[in-house]
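Colleague: My structure is below; once you've seen it, I'll send some questions.
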Amino acid sequence: MMPSGNKQFIISRLSGGRRIREALALVSGRLVLILINALALLIFCGLLWKAAPLFGIISVSDWLFSSSWHPMKNQFGLFPFIVGTVSVTLLAMIIAVPVCLGAAIYLSEYAGRRFREIARWLIDILAGIPSVIYGLCGVLVIVPFVAFLGELMGSTTTGYSLLAGGLVLAVMVIPFIISISVEVLRMVPDPLRECALALGATRWETVKYVVLKKAKRGLLAAVVLGFARAFGETMAVLMVVGNVAQVPVSLFDPAYPLPALIANNYGEVMSIPLYDAALMSAALILMLVVGAFSLTAHYTLLKIGETVDS
Amino acid sequence: MAHIQIQQLRVSYGSLPVLNDINLEIPDRQIVAIIGPSGCGKTTLLKSMNRLLDLNEDVSVTGSILLDGVNIYDPAMDVTCLRKRVGFLPQRPYPLPMSIFENVAFGPRIHGLSVLSAGGGGKQAEKSLVEHYLRLAGLWDEVKDRLDEPAAKLSIGQQQRLALARVLSIEPEVILADEPTSALDPVSAKLVETQFKLLKENYTIILVTHILRQARRLADYIVFLYMGDLIEHKPAAVFFSAPDDEKTKAYISGEIS
């Protein structure tokens, strides 16, 4: 009597309100996830569709490698903008990466717990500052500084330049890269450090031969994620980089990165039909590059989790 | 041979006392087992002897531990030198992220050991050094053909013997071992125990274990801790046959664990 009565009881309860709520949670969760994933795909397809008319007019090599940007004459060579984006991003990374590695190693391996907590808190605040504010600081401080520097080195510059863009961008990605790097370094298990220290290694030897070796994939991922973020950053760079459609040849030359091109011009010259398509194609490049870098980084980040477990 | 004397050692983590007034003289060239219920301060006592405790930020240590008469908690003490003389074998092996060969060569390299710096044939000297310590740890025959593989590829039993070779490679005088067989299968555990018996000819080995049978098998001298107090310490034969304290009797008979 008891067992069968019990079973009856359970089945009738599960087919009640709990069961419906459970199903609802499952279905709505799935739906949201599908929508989010579909959104990425939709944006990509949308960009592709809007950019497509351009390729009826110009060849892919003209599009990527021609320097003539004359929308009025239907010439849409993106080369200056691609070079602008790549060089301002690379410059930012060259400045930021050594700083970030040093800071992350100090915070993770040397600093006391309290100092680390305070520093991470400040870094999180820095990372959350809206990019316009970085841009303003760039205009007020960095641009005059670069102008001064340029004068010293005998080149005529307004200060609105590749160098100013690189500096502002570096300052912006530094908290982001430090934050991930510290996280990665803390993933290295403490007993491993203990092993090296117990053999009489100094802290620095432990960092150099053991911790960095164990964390190198993750740190690379931090740098790549930083690169992806810098690559797509728009506002702050746009404000200080000068925005002249030419291939920059010196640090003091103005540059014109892809995001700035889109932000400055979209919706303005709608009278030229292909302009729209050209800007969409620029957006497509941005999306592909940033997406590829992010995916690579997450793939390598996952890898470090595996090696730490083994 | 380094001689260890512990005097009025007190250790606490923050406001939580872990060891209370420990006074102990470690006999040389023996296997000394520190036993006691979990949480009684065994590992803390062990790690206090080469200052691995320093890695814990909240820890405070008073009293002294004399190594050949010199207090290792003296601020002037060079911790890397201390750790070279008092080696540590951890509970789990954690191979360093490098090859089997480099794991053993790591210690000699950072300390610039005499064999390497003096002899002109550096590479050859290093090779024979690595072979020597791998043999000493009873691992050589299993790894001699794959020295350049990552150490992480070894089985955990092999990794633990690699860790032993790694400790031996810095030519310590004392070896501290923190439950060195607890993560191992019975066969590997037996191999490690056998190595210990061979090694006590030349080293003082201090071993933390929670396995009473292991202490019986291996130890020459027993140190029994209970709730941070040193209850009893004496030669193993006497300890097991004629314990003085009621807590010891209860622990040996399995009433407390």
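Colleague: Exactly one of (1) surrounded by 12 or more Cβ atoms within 10 Å (Cβ to Cβ); (2) modelled with pLDDT of 90 or more is unmet by A:Phe55. Its number?
Modeller: (2)
Colleague: Given the conditions (1) touching a residue at least 40 places away in the same chain (Cβ under 8 Å); (2) over 23 Å from B:Tyr203 (Cα atoms); (3) not in a helix (DSSP H, G or I), which single one is not true for B:Ala152?
Modeller: The number of the failed condition is (3).
Colleague: Shifting gears a bit: Would a scan of the range B:210-218 turn up a residue that is out of contact with any helix residue (DSSP H, G or I) (no Cβ under 6 Å at 6 or more places or on another chain), farther than 26 Å from B:Val18 by Cα and polar (S, T, N, Q)?
Modeller: No; the residues of the range B:210-218 include none that is out of contact with any helix residue (DSSP H, G or I) (no Cβ under 6 Å at 6 or more places or on another chain), farther than 26 Å from B:Val18 by Cα and polar (S, T, N, Q).
Colleague: Any residue at all in the range A:187-201 that is out of contact with any helix residue (DSSP H, G or I) (no Cβ under 7 Å at 6 or more places or on another chain), assigned to a helix (DSSP H, G or I) and surrounded by fewer than 22 Cβ atoms within 10 Å (Cβ to Cβ)?
Modeller: Quick first cut of the range A:187-201, residues out of contact with any helix residue (DSSP H, G or I) (no Cβ under 7 Å at 6 or more places or on another chain) only: A:190-191, A:195.
Subset that is assigned to a helix (DSSP H, G or I): A:190-191, A:195.
Those still in the list that are surrounded by fewer than 22 Cβ atoms within 10 Å (Cβ to Cβ) too: A:190-191.
So far as the range A:187-201 goes, yes, one or more of its residues are out of contact with any helix residue (DSSP H, G or I) (no Cβ under 7 Å at 6 or more places or on another chain), assigned to a helix (DSSP H, G or I) and surrounded by fewer than 22 Cβ atoms within 10 Å (Cβ to Cβ).
Colleague: Residues B:Ala219, B:Ala151, B:Ala163: which one is over 15 Å from B:Val32 (Cβ atoms), under 15 Å from the mean Cα position of the chain (by Cα) and hydrophobic (A, V, I, L, M, F, W, C)?
Modeller: On the way: B:Ala219 fails: over 15 Å from B:Val32 (Cβ atoms); B:Ala151 fails: under 15 Å from the mean Cα position of the chain (by Cα).
Every option except B:Ala163 fails the conditions.
Colleague: Pull out all pairs, ordered by first then second residue, where Cβ-Cβ is under 8 Å, the residues are six or more apart or on different chains, the first lies in the range A:174-199 and is farther than 10 Å from A:Ala104 by Cβ and at the interface with chain B (Cβ under 8 Å from one of its Cβ atoms), and the second is aliphatic (A, V, I, L, M) and not in a helix (DSSP H, G or I).
Modeller: Matching pairs, first to second residue: A:Leu192/B:Leu96; A:Cys195/B:Leu96; A:Ala196/B:Leu96; A:Leu199/B:Ile170.
Colleague: Now for a separate question. Being closer than 13 Å to A:Val86 by Cα and in contact with a helix residue (DSSP H, G or I) (Cβ under 6 Å, 6 or more places away or on another chain) is true for just one of A:Leu258, A:Leu284. Which residue is that?
Modeller: A:Leu258
Colleague: Checking the condition within 14 Å of chain A (Cβ to nearest Cβ), among the acidic types (Asp, Glu) and at negative phi, which residue from B:Glu126, B:Glu131, B:Glu142, B:Glu173 passes?
Modeller: That would be B:Glu173, the only listed residue that is within 14 Å of chain A (Cβ to nearest Cβ), among the acidic types (Asp, Glu) and at negative phi.
Colleague: Does at least one position in the range A:221-234 carry a residue that is among the hydrophobic types (A, V, I, L, M, F, W, C) and closer than 20 Å to B:Pro108 by Cα?
Modeller: Within the range A:221-234 (the criterion being among the hydrophobic types (A, V, I, L, M, F, W, C) and closer than 20 Å to B:Pro108 by Cα), the answer is no, since none of the residues qualifies.
Colleague: Tell me, yes or no, whether the range A:107-114 has at least one residue that is modelled with pLDDT of 95 or more and within 23 Å of A:Leu258 (Cβ to Cβ).
Modeller: No, that holds for no residue.
Colleague: A:Tyr275 versus (1) outside any loop (DSSP other than H, G, I, E, B); (2) within 27 Å of A:Leu225 (Cα to Cα): which is the lone unmet condition?
Modeller: The number of the failed condition is (2).
Colleague: Suppose we keep only residues that are outside any loop (DSSP other than H, G, I, E, B) and out of contact with any Asp or Glu (no Cβ under 8 Å at 6 or more places or on another chain) within the range B:231-246. Which one would you say is farthest from B:Val192 (Cα to Cα)?
Modeller: Taking the candidates together, the pick is B:Glu246.
Colleague: Still on this structure, please answer the following. Do we find a residue being crowded, with 20+ Cβ neighbours inside 10 Å and either among the aromatic types (Phe, Trp, Tyr) or outside any helix (DSSP H, G or I) (or both) anywhere in the range A:115-138?
Modeller: Scanning the range A:115-138, I find at least one residue that is crowded, with 20+ Cβ neighbours inside 10 Å and either among the aromatic types (Phe, Trp, Tyr) or outside any helix (DSSP H, G or I) (or both), so the answer is yes.
Colleague: Related question: Being at pLDDT 90 or above and within 14 Å of chain B (Cβ to nearest Cβ) is the filter here; which residues of the range A:258-310 pass it?
Modeller: Those that are at pLDDT 90 or above and within 14 Å of chain B (Cβ to nearest Cβ): none in the range A:258-310.
Colleague: Take B:Ile100 and tell me if it is crowded, with 16+ Cβ neighbours inside 10 Å, more than 14 Å from every other protein chain (Cβ to nearest Cβ), modelled with pLDDT of 90 or more and within 22 Å of A:Glu205 (Cα to Cα).
Modeller: Considered against the rule, which asks whether it is crowded, with 16+ Cβ neighbours inside 10 Å, more than 14 Å from every other protein chain (Cβ to nearest Cβ), modelled with pLDDT of 90 or more and within 22 Å of A:Glu205 (Cα to Cα), B:Ile100 comes out as yes.
Colleague: Just checking: which of the helices (runs of 4 or more DSSP H) contained wholly in the range B:104-146 hold 2 or more residues that are hydrophobic (A, V, I, L, M, F, W, C) and modelled with pLDDT of 85 or more?
Modeller: Details: elements: B:114-118, B:122-136, B:140-143.
By residue number, B:122-136, B:140-143.
Colleague: Let me ask another. Given the range B:1-96, what strands (runs of 3 or more DSSP E) lie entirely inside it while holding 2 or more residues that are in contact with a His (Cβ under 9 Å, 6 or more places away or on another chain) and crowded, with 22+ Cβ neighbours inside 10 Å?
Modeller: B:31-35
Colleague: Cβ-Cβ under 7 Å, sequence separation 6+ or interchain: first residue in the range A:87-109 and closer than 26 Å to A:Ser161 by Cα, partner polar (S, T, N, Q). Which pairs?
Modeller: A:Cys100/A:Ser181
Colleague: Tell me which of these A:Val207 doesn't satisfy, since it passes every other one: (1) among the hydrophobic types (A, V, I, L, M, F, W, C); (2) more than 12 Å from chain B (Cβ to nearest Cβ); (3) part of a loop (DSSP other than H, G, I, E, B); (4) more than 23 Å from the chain's Cα centre (by Cα).
Modeller: (3) is the only condition that A:Val207 fails.
Colleague: Let me ask you something else. Got a sec? Which of A:Leu219, A:Leu212 is closer than 30 Å to B:Pro95 by Cβ, surrounded by fewer than 18 Cβ atoms within 10 Å (Cβ to Cβ) and within 14 Å of chain B (Cβ to nearest Cβ)?
Modeller: Just one listed residue meets the conditions, A:Leu212.
Colleague: Now for a different question. State yes or no: is A:Val60 aliphatic (A, V, I, L, M) and modelled with pLDDT of 95 or more? Walk me through how you get there before you give the answer.
Modeller: Values: aliphatic (A, V, I, L, M): yes; modelled with pLDDT of 95 or more: no.
For A:Val60, the condition - aliphatic (A, V, I, L, M) and modelled with pLDDT of 95 or more - is not met.
Colleague: Then there is this: When only residues in the range B:70-86 that are touching a residue at least 60 places away in the same chain (Cβ under 8 Å) and more than 7 Å from chain A (Cβ to nearest Cβ) count, which is farthest from the chain's Cα centre (by Cα)?
Modeller: Checking each candidate, the answer is B:Arg85.
Colleague: Right, another one. Within the range B:178-203, take every residue that is in contact with a strand residue (DSSP E or B) (Cβ under 6 Å, 6 or more places away or on another chain) and closer than 19 Å to B:Thr44 by Cβ and give me the one that is surrounded by the most Cβ atoms within 10 Å (Cβ to Cβ).
Modeller: The selected residue is B:Pro180.
The values are calculated or read from the model by the stated rules, or taken from the named source; none is laboratory data. Computed from a prediction, not measured in an experiment: that's the story for all the values here. Every residue, glycine among them, receives a Cβ derived from its backbone with ideal geometry; neighbour counts consider all protein chains shown.
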